[in-house]
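To start, the structure under review is shown below, and the notes come after it.
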Amino acid sequence: QNFTFTPTGGSNSSVVVAMAGGAAPATPVNLNWINVTSFTVTTTAPATAQMAFDDLIVSVSTLSISANNIQKTLIYPNPVENILTIKNVSDIISVDIYNNLGQRVLQSKQNSIDMGHLTKGLYFLQIRTALGTETKRIIKK
């Protein structure tokens, strides 16, 4: 007998689970759906068949980086007058600097960034690496 789990919400695919003779599958069914608001279960089993869930776990999670992969990013000097230095970051994909209006004012892939031409004020430094994205506040003096 096949049971089809069909999600509502997100862009997820249905999952078909075969259960011989009404027995639970040999391994747990992990759906790994994202942004699902509900789901339906349909079956090829006779109308008299019953289904029950044992240890149904629904979790809400956010994207994160494991503690072992967190980099100890060092940004200096802060406040910065001219050259901002980024240390302890490997495999930089991009470094973007945004003003307090959310407008990107600088883009780089370097560990040293010349901010001398920017006006005084608060900026946000966004560092993208293969491990994720990190945002830091920078004050330009």
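A few remarks follow.
- The test for being touching a strand residue (DSSP E or B) at 6+ places or on another chain (Cβ under 7 Å), loosely packed, with under 13 Cβ neighbours inside 10 Å, of a type in the set (Val, Ile, Thr) and within 16 Å of residue 72 (Cβ to Cβ) holds for residue 135.
- The set of residues in the range 17-28 that are modelled with pLDDT of 75 or more and surrounded by 14 or more Cβ atoms within 10 Å (Cβ to Cβ) contains only 17.
- Picking from residues in the range 73-92 that are free of Cβ contacts under 8 Å to residues at least 24 places away in the same chain and outside any strand (DSSP E or B), the one that is least open to solvent (accessible area, probe 1.4 Å) is 77.
- Residues in the range 112-130 that are touching an Asp or Glu at 6+ places or on another chain (Cβ under 9 Å) and either surrounded by 15 or more Cβ atoms within 10 Å (Cβ to Cβ) or touching a residue at least 60 places away in the same chain (Cβ under 8 Å) (or both): 115, 124, 125, 126, 127, 128, 129.
- Residues in the range 112-141 that are of a type in the set (D, E, K, R) and not in a strand (DSSP E or B): 2 in all.
- Only a single item in (1) modelled with pLDDT under 90; (2) open to solvent by less than 70 Å² (accessible area, probe 1.4 Å); (3) of a type outside the set (Lys, Arg) is not met by residue 106, and it is number (1).
- Flag for residue 99 being open to solvent by less than 50 Å² (accessible area, probe 1.4 Å), out of contact with any Ser or Thr (no Cβ under 8 Å at 6 or more places or on another chain) and modelled with pLDDT of 80 or more: yes
- Contact map, the range 93-111: first residue part of a loop (DSSP other than H, G, I, E, B), second residue surrounded by 15 or more Cβ atoms within 10 Å (Cβ to Cβ), Cβ cut-off under 6 Å, separation 6 or more or different chains; pairs are 109/92; 111/86.
The values are calculated or read from the model by the stated rules, or taken from the named source; none is laboratory data. Model, not experiment: these values are computed from the prediction. Positions of Cβ are generated from backbone atoms using ideal geometry, with glycine treated the same way; all protein chains shown enter the neighbour counts. We work out accessible area using only protein heavy atoms, side chains counted, and drop any ligands, DNA or RNA first. Shrake-Rupley method; radii C 1.70, N 1.55, O 1.52, S 1.80 Å.
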